[in-house]
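The values are calculated or read from the model by the stated rules, or taken from the named source; none is laboratory data. From a predicted model like this one, the values you see are computed outputs, not experimental measurements. Neighbour counts run over all protein chains shown; Cβ positions are idealised from the backbone, glycine included. For accessibility, only protein heavy atoms count, side chains too; no ligands or nucleic acids. Shrake-Rupley method; radii C 1.70, N 1.55, O 1.52, S 1.80 Å.
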Amino acid sequence: MDRYNMIINGEAVGAVGHQWAAVINPATESAISEVPQADAADVNRAVAAAATAFLSWAKTAPVERSLLLLKLADALEAKAVDLTRMESLNVGKPMKLAANGDIPFAIDNLRYFAGQARLVDGTASQEFVGGYTSVLRREPIGVVASIAPWNYPLMMAAWKIAPAVAAGNTVVIKPAPQTPLTTLMLAETALEVGFPPGVINVITGEGTSVGEPLVTHPQVRMVSFTGSTRTGQRIMALAAQKVTRVHLELGGKAPLIVFADADLEAAARGAIVGAYVNTGQDCTAATRILVERSCYAEFLARFTELSQQVRMGSPESETTDMGPLISALQRQRVHGFVERAVALGIPLHLGGGLPEGAGFFYPPTIFTGAAADSEIMQEEVFGPVVVVNAFDSEVEAIAVANGVQYGLAASVWTQEITRAWRVSQALEFGTVWVNDHLPLASEMPHGGFKASGFGKDLSRYAFEEYSIAKHVMFDLTGVAKKPWHFTAFGDAD
Ligand code: NAD
């Protein structure tokens, strides 16, 4: 079994405490590798390396950072087959999803931020107050601590590392303990293409033993976190101790709203993809499907039929649509939601059982007619479990859609243009799709409203998140006693 080391200061290293943790293939439950189990001593090493590297990296010309990101993208593209295989093995992700989704999108993100690195803009310098020229500088922040979830490991690493280093910061990233392997491959590749030691560091381990010392480290200037809302709240509280900046991409509970005038076949297919992609372990997953009553029965019949056609199985097979959940714990959580909904008397329309055999598989599961305030309508399940509910009016659909703590993504399905505009405006979510659900673009922001967090990933808005605005004001007069000084000292002339 291969052991993977962490990357600290340009070197592949084990943990100071010599501890190792197994990395599990969720489709077979067997160990595929071991990675160091780091602790606070390793956090100190990694942050020190990033802080030292920042002194020179922050001063590199944008073109230099841009070229390195382009080289990294090319080198990862050359390793796409290996990365696909590893992501599939480690996450239980179907090969076709990793090959056509995660890996190429992560590479595209790197190329996008390579371009952004050279587009640092500010307002024109100007004499806003007579006798002074004001200049706006955008500067890197310093050492960024990034903490990632397990659902899209390489993509999350790219979303976090690329805008940060493009803007001149250095990074210490902690991948999720379940899925560290492709992030380590990315950091190794970054060294191969010439990123200086210490610019990108990867540290592996648990949230409490590594994540918390990282968030509270005095030399960390910003924490960029993607994960659950509960962990986000904890990180925000820890970061408050030193008023460290936070960027939080948290959970979701996306509504998918189908009006009777929609193309129902398109809506049913969109709902399948939205609900079951990545085994429902997607922060934008369509988990609350709201359908206008007059087409509810027809939609539900088609959605159920398509749900039964989802091919669950080995992620290695080219024809598998849905792999396992990430872990035994996650499957237990998902099944707990299902059992509690059943106990409440919410009709279980499809699925819901625990399959026999190895692997953390869970079938497509549909509830119907759940009360808007029930747990299954309110809480993020993070598995292939959806509710399909009927609604009677646009006002009701919007109220139910907005009636959760989350605000990450939503979709509206209708052929009527005025309704599409009206509803997309009324929905309190960071992304609203019209007649589709899921696609993202490197050029457009991704991020939440409400308890889904704040700060944007992707786009120039992410680039801005990783830099800080500074006002530099030049006196143009050279006069010792300025006309306004009398307000604080002496008399007016
Ligand atoms: P999680 O919150 O359990 O863990 C995320 C990361 O935080 C892991 O690396 C974990 O080790 C670390 N962590 C845990 N406790 C910590 C602590 N006390 N201090 C510091 N770090 C800690 O989330 P998860 O289960 O890995 O991922 C699923 C969640 O991520 C879902 O809620 C999902 O919606 C969310 N997510 C959001 C987005 C988005 O863009 N908004 C994208 C992907 C996933």
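Brief remarks on what is shown
- Carbon-plus-sulfur accessible fraction, the chain (probe radius 1.4 Å, protein heavy atoms only): 56%.
- Residue-level accessible surface for S314, protein heavy atoms, 1.4 Å, Å²: 60
- Spin-label zone in region 374-402 - amide nitrogen under 20 Å from a point set 7 Å from the Cα of Q425 along the C-beta vector: 393-402
- Radius 12 Å from Cβ of E318, net charge of other residues (Lys, Arg +1; Asp, Glu -1): 0
- Here the sum of -39500 (n - 2.57) over DSSP H runs of 4 or more residues, divided by the residues of the chain, equals -11000 deg cm²/dmol at 222 nm, to the nearest 500.
- Residue ranking by accessible heavy-atom surface, 1.4 Å probe, largest first, among R221, R230 comes out as R230, R221.
- Looking at region 254-434 alone, DSSP beta bridges between its own residues are antiparallel in about 10 percent of cases.
- Pair E318, E29: separation of 7 Å Cα→Cβ label points (nm): 3.1
- As a calculated quantity, the FRET efficiency between F128 and L55 at R0 = 45 Å, using C-beta atoms, amounts to about 0.90.
- In nm, spacing of pseudo-spin labels at D263 and R118 (7 Å Cα→C-beta vector): 3.9
- Excluding same-chain neighbours fewer than eight residues apart, the lysines reachable from K253 by a Cα-Cα span under 29 Å are K93, K96, K160, K174, K450, K456.
- For a modelled paramagnetic label at E339, 7 Å from Cα along Cα-to-Cβ, the residues of region 380-406 in reach, with backbone nitrogen under 20 Å, are 380-386.
- Heavy-atom accessible area order for K93, K242, largest first, 1.4 Å probe: K242, K93
- Beta bridges per DSSP, both residues in the chain: antiparallel share near 40 percent.
- Per-residue accessible area (protein heavy atoms, 1.4 Å probe) orders C295, C283 as C283, C295, starting from the largest.
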